[in-house]
């Protein structure tokens, strides 16, 4: 009977892809976050971890409060990070997809207001929609075009005229 719980745990692990968050603190106000997909029973084609997305610096600082709020809902606290030491956390699929898409989309952006609108739109997305856009951004021949199309859809041009 004692082997039964371990078998159930192994079966549930094999049914879902696994994602990790790697966090590294480089200095004051310099945090780096990366999302990785790691090999699991659900992804037998993966032989080594694949980097989904990462964000660091000014762009992360602008949305850091949003990311920390999402991570705290998943019981992940980044407060105790030591300088230049990577720490790895396991993420559920929903959070990994949303954060991966958020990081990929915001990485090249510069306009704060546009970044806010894009972050709002991605946060409001469901799992299926986020998975669709992230899959398009990762597996298309021209992923920048996909991300630009997503930005166009999420940025409201009328919001700029109100200011």
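The values are calculated or read from the model by the stated rules, or taken from the named source; none is laboratory data. Note that the coordinates shown come from a computational prediction; the quantities given were computed from them, not determined experimentally. Because the Cβ atoms are built from the backbone with ideal geometry, glycine has one as well, and the counts that use them run over all protein chains shown.
Just a few scattered comments:
- Segment 75-93, residues that are touching a helix residue (DSSP H, G or I) at 6+ places or on another chain (Cβ under 9 Å), modelled with pLDDT of 90 or more and either under 17 Å from residue 56 (Cβ atoms) or surrounded by fewer than 15 Cβ atoms within 10 Å (Cβ to Cβ) (or both): 89
- Of all residues in segment 123-163, those satisfying the criterion of being surrounded by 13 or more Cβ atoms within 10 Å (Cβ to Cβ) and in a loop (DSSP other than H, G, I, E, B) are 125, 155, 156.
- Qualifying residue in segment 17-25 (condition: under 28 Å from residue 139 (Cβ atoms), surrounded by fewer than 16 Cβ atoms within 10 Å (Cβ to Cβ), modelled with pLDDT of 85 or more and out of contact with any strand residue (DSSP E or B) (no Cβ under 6 Å at 6 or more places or on another chain)): no
- Residues in segment 100-113 that are surrounded by 16 or more Cβ atoms within 10 Å (Cβ to Cβ), assigned to a helix (DSSP H, G or I) and either in contact with a helix residue (DSSP H, G or I) (Cβ under 7 Å, 6 or more places away or on another chain) or without any contact (Cβ under 8 Å) to a residue 24 or more places away in the chain (or both): 100, 101, 102, 104, 105, 106.
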